[in-house]
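Peer 1: Please find one structure pasted underneath; my questions will follow.
The values are calculated or read from the model by the stated rules, or taken from the named source; none is laboratory data. On a predicted model such as this, the values are computed, not experimentally measured, just so you know. Here the Cβ positions follow ideal geometry from the backbone for every residue, glycine too, while neighbour counts run over all protein chains shown. The accessibility values were calculated without ligands, DNA or RNA, using every heavy atom of the protein model including side chains. Shrake-Rupley method; radii C 1.70, N 1.55, O 1.52, S 1.80 Å.
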Amino acid sequence: MKGQFPVEKFQTLHTPFYYYDTELLRQTLQTINAEASRHEGYHVHYAIKANANPKLLRIIREAGLGADCVSGGEIEASLRAGFPSRKIVFAGVGKSDWEISLGLQRDIFCFNVESIPELEVIDELARQQGKVARVAFRLNPNVGAHTHANITTGLAENKFGIAMGDMLTVIGRARQLPNIKVVGLHFHIGSQILDMSDFEALCNRINELQSDLERHRIRVEHINVGGGLGIDYDHPNRVPVPNFRDYFDTYARCLRLRPDQTLHFELGRAVVAQCGSLITRTLFIKQGAVKQFAIVDAGFTDLIRPALYQAYHKIENITSDLPKATYDVVGPICESTDVFAKQIDLNQTRRGDLLAIRSAGAYGEIMASQYNCRQLPASFTSDEL
Ligand SMILES: *Cc1c(COP(=O)(O)O)cnc(C)c1O
């Protein structure tokens, strides 16, 4: 056992694989519940898209969180994991008819709707089933988030949401549709947000909008502010649990909820990122013309974030105590972007050494592909090993 990893056990397993520290996951969930319950009417959903591993979903469901889904497949995964229908929300800019019908059949809590054409289709499908669909409108608050351009979603130029100025038109249309009930307003400004002033800006927008709507005597049951709370990729050991207190307190301080209005959150990354590591074996050390490469058996098919968004993941050699040396850590895939890190210091690394790519529990395993006819990575939890 080195650090928090059962290295001896790892030696017997086929690499690469994901390793999930379920104790840390439970501790994170406890913190979320403790911090959210300090505020009246706060409900936390888990954004399934961050990681749909059934072993993790079960633990998250046991902690009492709801499920935020962005596809029919995710609705099915959350139902299989035992999430109750009344705690499932369904978002997404392009919902297929079968996905909407599934949500209707299961009487999910809410559809987060992004356009009038979508609203009309939901009304029609609900009519066919003799149901009334509960919907929230996803609004584009035109709030920038200080995060990577590819994961900001709340700007006017992004494809997501309904423009704030169209709000009254859309609500007007909804009121003409007999199989639609408007129950909420939904927002989501981006991901990996660490600057609380971004969430403050969102709150200010929502306050303005609610005042506007009230002038037209419109009030909804709930506000859903999405997710986006970031984690510390630089220091997975020092900051294993994100600052949920600060996060919820920001909303409590800045958002003016109406009496009886509930506030919903959809956290993905902040729930699962730190509990996961991708464990990979060093195949070769290759001395290039200008640098030294550690070539490992994991590639971007297992963890695509570095290739997709130049994301940083801390990497540790968990089987070497030798002095540090500098490496580019690269995978075997036939693409130049198959690089996990450039010019990082690792304990001197040899063929066969195991590396842990940290903070990989969110948007890791779930984004794996079979490019190059590779196998999907296996997964193990600390409970199992
Ligand atoms: C991706 C997404 C989330 C979760 O985002 P995180 O940054 O992982 O917390 C929540 N809500 C919606 C609508 C999303 O698309």
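Peer 1: Which count do you get for residues in segment 364-374 that are open to solvent by 50 Å² or more (accessible area, probe 1.4 Å), out of contact with any Ser or Thr (no Cβ under 7 Å at 6 or more places or on another chain) and outside any helix (DSSP H, G or I)?
Peer 2: The total comes to 0.
Peer 1: Consider only pairs whose beta carbons are under 6 Å apart and that are at least six residues apart or on different chains; among these, list those whose first residue lies in segment 49-63 and is under 13 Å from Y18 (Cα atoms) and whose second residue is polar (S, T, N, Q) and more than 13 Å from the ligand (Cβ to nearest atom).
Peer 2: N53/S379; K55/T381
Peer 1: Looking at segment 234-251, which of the residues that are closer than 12 Å to A270 by Cβ and either aromatic (F, W, Y) or touching a Ser or Thr at 6+ places or on another chain (Cβ under 6 Å) (or both) is surrounded by the most Cβ atoms within 10 Å (Cβ to Cβ)?
Peer 2: Ranking the candidates gives Y247 first.
Peer 1: I'd like to check which helices (runs of 4 or more DSSP H) are fully inside segment 150-263 and have at least 2 residues that are away from the ligand (no atom under 16 Å from the Cβ), under 26 Å from the mean Cα position of the chain (by Cα) and touching a residue at least 24 places away in the same chain (Cβ under 8 Å).
Peer 2: Because the criterion is at least 2 residues that are away from the ligand (no atom under 16 Å from the Cβ), under 26 Å from the mean Cα position of the chain (by Cα) and touching a residue at least 24 places away in the same chain (Cβ under 8 Å), the helices (runs of 4 or more DSSP H) in segment 150-263 that meet it are 196-215, 244-254.
Residues checked against (1) part of a helix (DSSP H, G or I); (2) of a type in the set (V, I, T); (3) open to solvent by 70 Å² or more (accessible area, probe 1.4 Å):
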| position | (1), (2), (3) |
| --- | --- |
| V329 | no, yes, no |
| C334 | no, no, yes |
| I344 | no, yes, no |
| R350 | no, no, yes |
| G361 | no, no, no |
| L376 | no, no, yes |
| S379 | no, no, no |
| D383 | no, no, yes |
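Peer 1: Just checking, which of Q30, Q11 is at pLDDT 95 or above, within 16 Å of P242 (Cβ to Cβ) and over 16 Å from the mean Cα position of the chain (by Cα)?
Peer 2: Answer to the check: Q30.
Peer 1: Could I ask something else about it? Restricting the search to segment 7-38, which residues are surrounded by 14 or more Cβ atoms within 10 Å (Cβ to Cβ) and assigned to a loop (DSSP other than H, G, I, E, B)?
Peer 2: L13, T15, P16, D21
Peer 1: Being surrounded by 22 or more Cβ atoms within 10 Å (Cβ to Cβ), of a type in the set (A, V, I, L, M, F, W, C) and touching a Ser or Thr at 6+ places or on another chain (Cβ under 9 Å) narrows it down to one of L56, L79, L65, so name that one.
Peer 2: None of the others qualify; the one that does is L56.
Peer 1: Considering only segment 264-298, state which residues are farther than 22 Å from F17 by Cβ and assigned to a helix (DSSP H, G or I).
Peer 2: Of everything in segment 264-298, just one residue is farther than 22 Å from F17 by Cβ and assigned to a helix (DSSP H, G or I), namely A270.
Peer 1: Could you go through segment 277-299 and let me know if any residue there is under 23 Å from R238 (Cα atoms), surrounded by 15 or more Cβ atoms within 10 Å (Cβ to Cβ), touching a residue at least 40 places away in the same chain (Cβ under 8 Å) and touching a helix residue (DSSP H, G or I) at 6+ places or on another chain (Cβ under 9 Å).
Peer 2: Scanning segment 277-299 turns up at least one residue that is under 23 Å from R238 (Cα atoms), surrounded by 15 or more Cβ atoms within 10 Å (Cβ to Cβ), touching a residue at least 40 places away in the same chain (Cβ under 8 Å) and touching a helix residue (DSSP H, G or I) at 6+ places or on another chain (Cβ under 9 Å).
Peer 1: Would a scan of segment 286-306 turn up a residue that is in contact with a Ser or Thr (Cβ under 7 Å, 6 or more places away or on another chain), over 30 Å from T31 (Cα atoms) and of a type in the set (G, A, S)?
Peer 2: yes
Peer 1: Condition first: in a helix (DSSP H, G or I) and either at pLDDT below 95 or crowded, with 16+ Cβ neighbours inside 10 Å (or both). Can you find one or more residues in segment 136-146 that meet it?
Peer 2: No: segment 136-146 contains no residue that is in a helix (DSSP H, G or I) and either at pLDDT below 95 or crowded, with 16+ Cβ neighbours inside 10 Å (or both).
Peer 1: Would you check which residues across segment 164-176 are at pLDDT 90 or above and open to solvent by 20 Å² or more (accessible area, probe 1.4 Å) and list them?
Peer 2: Passing the criteria: D166, L168, T169, G172, R173, R175, Q176.
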